[in-house]
Amino acid sequence: MIVTFYSYKGGVGRSFCLANVAVQLARWGNRVLCVDFDLDAPGLHEYFSPYADAPVRGGLVEVIAGEADWTEVVEPVFVPDAESLSLLAAGAMTPSYADRAQTLSWPELFADHDLGWRFEKIREEWAEHFDYVLVDSRTGITDIGGICTAQLPDVLVLCVAPNRQNLAGALEVARRASDARDKLPYDRAGLLYLPVVSRFDGKEEYERARSWRTAMAEQFGPLYASWLPADQHDDQPELGLVERTTVPYLPYWSFGEEIAVVDERSGSPDSVSYYMDNIAALLAHRLADADVLVSNRDTYVSAARERGRREAGQGFRYDVLVHGTSERAVRLTDELLALGVRAVRGRLAELSMVRHFVVVDPPARPSAGVQEILDQVQLDSGRLVMVVGEAPKQLAAAHPLRNADAVEVVSALPVDDARPDWADVLVAAARRLQERGDLAGAHALVTRTVQASNTPTKSLLLRGEVAMRLGRLDEAERDLLVAVSHPGEAPRAHRLLGEVYRDMGDLFLAAEHFQEALDAGADEHEQALVHRELATMELRAGRPSEALRHLATARELSSGDDVLAAKLGFELGSLLVDQGDLEEAGRQLAEAVEQNTLLPGDQVSALSQLAYLDTAAGRYRRAEEHFLRALDLAEGSVEKADIIIALARMQVQAFGLSHAIHTLSAALASLDQREAGIEARLHEAVGALRVDNGEAVLAGDPYRAALKSYRRLGDRAGEVRALIGLAASAHDAESAIGIGEEARRLLARLRGPEADLLRRQLDSVAPK
């Protein structure tokens, strides 16, 4: 891929951006060449001079003049952790450089020396030797600029400063490049455009910055149109992409020519490196699936980072990649996974680690993602592409394709049994989907099995269960009433019918079927499940003591099933906590935790409850240990923040405020800053502990830090909470009232119970 970095005017950080992106791409295992085509004002070599063995001996001027081949003047650059990074400078930086550059007669070179054809050959050689060629273009609108903006690149990166002159100039160059591209005498795909906003200072003038981002998103919309997928969950995907590719202005990097990603951690949205990673990841993904960068930035960047790191001999990580965003693509992926196929939906996976590909519902217009798949397949004839849906012409022309639906893909899998019962296979697959939480996919798959089987008892039983989980109670009742007539399935069918009638509100029929399940010879596992459901009924009826009795019975019956026993122990322990039997609750929860078979969320909940029980009993060290174990298992940022804050509150009670503040400060210091949500919550917690423990005068700084983070995240409720804290810690009533008014302006846009609670809190600390 050849990428040109262009800016309408100088001083916007174009070369700085190119150098940083080049280093990151090289660090991710790619072969990268940087080309300085700004012959009038060369400077790219200055960024790499600290990492070069010798001064620049020659460059593009010598190549254009016919004095050297480009391979003779390319220099390796030894940036730490970047193994394959090279530089083709503008030319030898001698006193005669300016004269040599200005004596180049471009019209003559094109007319008499076939310079256009020569660059076409050079372009082909670059593509053969490098994964990425990044070209630093000259500024302004010039005829010679067409080489950089139209002939050479696959992608044109438009570096734009936030002012009308830069924006209008960049858009005009994009229009000219498109026109020039259409007139090229060479076979070339359409040019892709990636706008990058640089030197953007949005810290002080927050509203003006937001206004400019919105305006630029609107202006850039046509440039994004050919590659930015429509996001059904986001009606402004362009704005999200602008925010991800806006490089902030940091004065530190405005001095000299330094590479930020070498010295700066890239996890923080306040850092330049964060956005350089985003731009590099977009290029690494060939601009495909950019909506994922907006919705799940860390995953998108991580996938890009791994693309080039596949070691020789490691083999393929995945058997099948499913490319597509439709419900059918999701269902197909889940069906394959349920059958043990190493399948992944292809929005993020590195293509070099996938053996075969399935393109689901391909778009009518060629997409970057589909083309990248075809490029991968063309490199290896042993890899196949299958299409679900109508294939557009460019797919059919590029590779032999065949239509396939999910069942055909499943039935093509090798199995030990030469004559497998695919109905049983699909029932098992549907159950796997159900266990994974994909109820819709499980229902669709098992319905297919019901229709294909002569004796669909197992299929009806499972479809009835899935329909019940989906809330389709009438459908579930019909299927289960058929399945209950089969003796081998009667106990389970009766239990499931009991759940259906319970959810319908017919508790008499529910109890009758639960008893039928017990009388039909249910094994201990099934009996345990029945008593668990009876406990649920008793809880709904407001009889917790009866619920405890049934859960205790279920727990005893489940002794032969470690997974179920742990689940029931967790539920029993949680109910005992609510009923005040803390000693027995602790015993049940501890046993459940030690089984180590609970789902991660339940394990975290059990450990947290044990920590609360230990705190209530004054066993602070054990409570601390349980909190820390829960923290290790927690997955979401909100859950992690809750545990750290709960730990700190316990420590205030046990060891004093300074100990708790130290815990929160240590957690803040250890963050890799990718989790801005945790950072904001922890700063807020520090402020709250200060206020609650008589140190309001010290609470201002942490609340201001929380406010800054919440604003960066766009969390309006978080902003209001931080402002309430600032009002509570204000030195005088006038300041508190002023802060309160700002909070009220934000609150005016919020609705719901949380907003009502925030209004009451605000009125208590900053009355109108």
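Every number here is computed from the coordinates shown, using simple stated rules; none is lab data. It should be emphasised that the depicted structure is a prediction, and the values quoted were computed from it without experimental measurement. As a convention, Cβ positions derive from the backbone with ideal geometry for all residues, glycine included, and neighbour counts pool all protein chains shown.
Computed values, structure above
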| item | result |
| --- | --- |
| For region 18-28, Karplus couplings with θ = phi - 60° (6.51, -1.76, 1.60), whole Hz, Gly/Pro x | 4, 4, 5, 5, 4, 4, 5, 4, 5, 5, 7 |
| Under-5 Å amide H pairs with V77, H placed in peptide plane, nonlocal only | L85, S86, L87 |
| Inter-label distance, nm, simple model (7 Å from Cα along the C-beta direction), E108/D506 | 9.7 nm |
| Dipole magnitude (debye, nearest 20) for region 76-172, charges at Cβ of Lys, Arg, Asp, Glu | 400 debye |
| Rg in Å to one decimal, and Dmax rounded to a whole Å, for region 523-635 via C-alpha atoms | 14.0, 43 |
| In order through region 30-38: 3J(HN,Hα) via Karplus (6.51 cos²θ - 1.76 cosθ + 1.60), integer Hz, x for Gly, Pro | 9, 8, 10, 10, 9, 10, 8, 9, 7 |
| Extension gain, R751 back to V697 (0.36 nm per residue minus Cα-Cα distance, nm) | 16.3 nm |
| Per-residue ³J(HN,Hα) for region 64-73, Karplus 6.51 cos²θ - 1.76 cosθ + 1.60, θ = phi - 60°, Hz, x for Gly and Pro | 5, 6, x, 8, 7, 7, 4, 5, 7, 10 |
| For V160, distant residues with modelled amide H under 5 Å away | V196, V197, S198 |
| Environment charge of G725, counting only residues whose C-beta is closer than 10 Å and scoring Lys/Arg +1, Asp/Glu -1 | +2 |
| GluC sites (Glu not before Pro) within region 588-676: DSSP coil, no more than 15 neighbouring Cβ in 10 Å | E635 |
| Region 438-520, relative contact order in percent, only Cα pairs under 8 angstrom and at least six apart counted | 21 percent |
| Of K458/K640; K9/K183; K9/K708, those spanning more than 30 Å from alpha-carbon to alpha-carbon | K458/K640; K9/K708 |
| Calculated FRET efficiency for the pair S178/K121, C-beta based, R₀ 25 Å, to 0.05 | 0.55 |
| Separation in nanometres of the label points that stand 7 Å from Cα toward Cβ, at R716 and D763 | 2.0 nm |
| Relative exposure of H486, H550, judged by other C-beta atoms within 10 Å (fewest first) | H486, H550 |
| Fully extended contour minus Cα-Cα distance, from R478 to A654, at 0.36 nm per residue | 57.6 nm |
| Fully extended contour minus Cα-Cα distance, from F78 to A168, at 0.36 nm per residue | 28.6 nm |
| DSSP bridge pairs, region 2-301: antiparallel proportion in percent, nearest 5 | 10 percent |
| Where N is the number of residues in region 17-67, Cα Rg divided by 2.2 N^0.38 Å | 1.24 |
| Surface/4 of the Cα convex hull for region 652-724, nm² | 4.7 nm² |
| Long-range amide H partners of L134 with built H, under 5 Å | V3, L33, C34, V35 |
| Charge dipole of region 438-520 about the Cα centre (unit charges at C-beta), most positive-ward option of L496, A510, A442 | A442 |
| FRET efficiency for D270 and D632, using Cβ-Cβ distance with R0 set to 35 Å, rounded to 0.05 | 0.80 |
| DSSP-assigned coil residues among chymotrypsin sites (Phe, Trp or Tyr not before Pro) in region 87-136, each with at most 10 further Cβ atoms within 10 Å | none |
| Shape category assigned to region 438-520 from the gyration tensor of Cα positions, a/c cut at 1.5 | oblate |
| Shape category assigned to region 2-301 from the gyration tensor of Cα positions, a/c cut at 1.5 | prolate |
| Burial ordering of I141, I645, I724, fewest other beta-carbon atoms within 10 Å first | I141, I645, I724 |
| Förster radius 35 Å - calculated FRET efficiency between I141 and E257 (Cβ-Cβ, nearest 0.05) | 0.85 |
| Value of relative contact order over region 547-612, rounded to a whole percent, pairs C-alpha under 8 Å and six or more apart | 30 percent |
| Translational diffusion coefficient (Stokes-Einstein; Kirkwood radius from C-alpha pairs) of region 563-701 at 10 °C, 1.306 mPa s, in µm²/s | 101 µm²/s |
| Three-way shape call for region 610-667 based on the alpha-carbon gyration tensor, with the a/c threshold at 1.5 | oblate |
